[in-house]
Amino acid sequence: MQTPSYPHLCKAFGPYETNCYIVQTPQGELIIDPGMGSAPWVLESAPNPLAILITHGHFDHIYDVARIHEALPDLPIYCPSADAFMMESDCFDTGLTPCAPSVLVECKKGRAELDIQSERVTYLHFPGHTPGCSIVIVGDKIYSGDFIFKRSIGRYDFPYSSVEDMRESLQRFQALDMPNLEIFPGHGDSTHLKYEQDNVALWLSRM
Ligand SMILES: [Zn+2]
């Protein structure tokens, strides 16, 4: 079966300009990382939402989940299991309204294949930036959260970060054998898988 290609909407929100994506599948919309102030745009732009997909639990990626949940209480909220605690409490004291995820995606440094109303969604777990830090693949696009950016990688010096995990995650990312998909990060511009795989050696040498 050929990999589908879906358009998406993207808009940056909040003081850290966190990208929120609305992936437009034939069944409806998948909402990725609804950050600070994104709820009105999400509710307006996603007439038939299927789920909220969280790449990791940092507040700037989950801030408006509670507002969307208030408007759409039955909408499933997927989050890597190891970061669920960041959604369940305001652990960074940012003023976040906690909102527990409804589906925990397992974090075993591997792949979790989800079927969301017949749409295939793949989570790849790359801890280091956070314990649950993951990238999400929908169709032919990678949503990399704060793991991989264009010519950069996520910070691994925050509370709950791990430099050892980050090193191992980068090595696994470098070894990924898959098509050269376009990567859409949690901040900044898009990039491509092979280009960022080629940059990993440089990041590893600086860690
Ligand atoms: Zn982050």
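The values are calculated or read from the model by the stated rules, or taken from the named source; none is laboratory data. From a predicted model like this one, the values you see are computed outputs, not experimental measurements. As a convention, Cβ positions derive from the backbone with ideal geometry for all residues, glycine included, and neighbour counts pool all protein chains shown. Just so you know, the surface numbers come from the protein's heavy atoms only, side chains and all, with ligands and any DNA or RNA stripped out. Shrake-Rupley method; radii C 1.70, N 1.55, O 1.52, S 1.80 Å.
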Subject >> Average projected area [Cα convex hull, the chain], square nanometres >> reply: 10.4
Subject >> Share antiparallel - DSSP beta bridges, segment 140-199, percent rounded to 5 >> reply: 50
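Over 16 Å apart: what share of the alpha carbon pairs of segment 113-207 falls there, rounded to a whole percent?
53
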Original post:
What nm value, rounded to one decimal, do you get for the distance between Glu182 and Ser5 when each label is placed 7 Å out toward the C-beta?
Top reply: 0.8
**OP:** With a 1.4 Å probe and every protein chain left in place, work out the accessible area per residue of segment 1-129 in Å², rounded to a whole number.
**Re:** 44
Original post:
At a 1.4 Å probe, what is the % contribution of carbon and sulfur to the accessible area of segment 59-127?
Top reply: 47
Original post:
Under the classification rounded if a/c is under 1.5, otherwise prolate if a/b is larger than b/c and oblate if not, where does segment 15-136 fall, given a ≥ b ≥ c as square roots of the Cα gyration tensor eigenvalues?
Top reply: oblate
**OP:** Determine the dipole magnitude for segment 77-130: charges of +1 sit on the beta-carbon of Lys and Arg, -1 on that of Asp and Glu, nothing else is charged, the reference point is the Cα centre, and the result goes in debye to the nearest 20.
**Re:** 280
Original post:
Dipole magnitude of the chain about its Cα centre, charges +1 at Lys/Arg Cβ and -1 at Asp/Glu Cβ only, in debye to the nearest 20?
Top reply: 540
Original post:
Considering only DSSP beta bridges whose two residues both sit in the chain, what percent are antiparallel, to the nearest 5?
Top reply: 70
Subject >> Karplus-derived 3J(HN,Hα), 6.51/-1.76/1.60, for each residue of segment 188-197, Hz, glycine and proline x >> reply: x, 7, 6, 8, 10, 4, 5, 4, 6, 4
Original post:
Under the Karplus relation 6.51 cos²θ - 1.76 cosθ + 1.60, θ = phi - 60°, what is the ordered set of whole-Hz ³J(HN,Hα) values for segment 80-96, x standing for Gly and Pro?
Top reply: x, 4, 6, 10, 4, 4, 6, 8, 7, 8, 8, 6, 9, 6, 9, x, 4
Original post:
Can you list residues whose amide H is under 5 Å from Met36's amide H, if they're 5+ apart or on another chain and H is modeled 1.01 Å from N?
Top reply: Tyr63, Asp64
**OP:** Give me the aspartates and glutamates in straight-line cross-link reach of Lys194: C-alpha distance below 13 Å, same-chain residues under 8 apart excluded.
**Re:** Asp177, Glu182
Original post:
Mind checking the dipole of segment 129-207: about its Cα centre, +1 per Lys or Arg Cβ, -1 per Asp or Glu Cβ, Debye to the nearest 20?
Top reply: 140
Original post:
Heavy-atom accessible area of His69 with all protein chains present, probe 1.4 Å, nearest 10 Å²?
Top reply: 70
Subject >> the chain: most fluctuating residue of Ser81, Ser89, Ser144 per GNM, C-alpha cutoff 10 Å >> reply: Ser89
